[in-house]
Amino acid sequence: MLTSVSGIYENGKITLDEIPVIRKKSKIVVTFLEEMDEPNHPKRRLGGLKGKVGTPDDFNAPLDDLADDML
């Protein structure tokens, strides 16, 4: 019986997209179809939001909306 399963080869490992229904030991043939380009994501800089995001001084102050519930 012939069964095809797609997957990705990367750094010496093959990751299958699905589990084949084969239950017994079987011979396989691996065919490389095409090389995939790595996604071009810009690298993030550590501390890029420093000084732009902060916590208000009254962060831990009780909320007036909950005053009745805290009695």
Practice task
Please list, or write none, the lysines whose alpha carbon is within less than 23 Å of the alpha carbon of residue 25, excluding same-chain residues fewer than 8 places away.
Solution key: 13
Exercise for the section: Kindly write out, for the range 35-47 in residue order, the coupling ³J(HN,Hα) from the Karplus curve 6.51 cos²θ - 1.76 cosθ + 1.60 (θ = phi - 60°), rounded to whole Hz, with x marking Gly and Pro. Expected result: 7, 9, 6, 6, x, 9, 9, x, 6, 8, 8, 5, x
Practice task
Express in nm, to one decimal, how much length is gained between residue 49 and residue 61 on full extension, taking 0.36 nm for each residue of separation and deducting their alpha carbon distance.
Solution key: 1.8 nm
Fill in the blank from the handout: Reviewing [x] 290; [y] 149; [z] 79, the figure for volume of the Cα convex hull per residue in Å³ actually calculated from this model sits under [x]
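All of the numbers you see were taken from the coordinates with simple rules; none came from a lab. In this text, all values refer to a predicted model and were calculated from it rather than measured experimentally.
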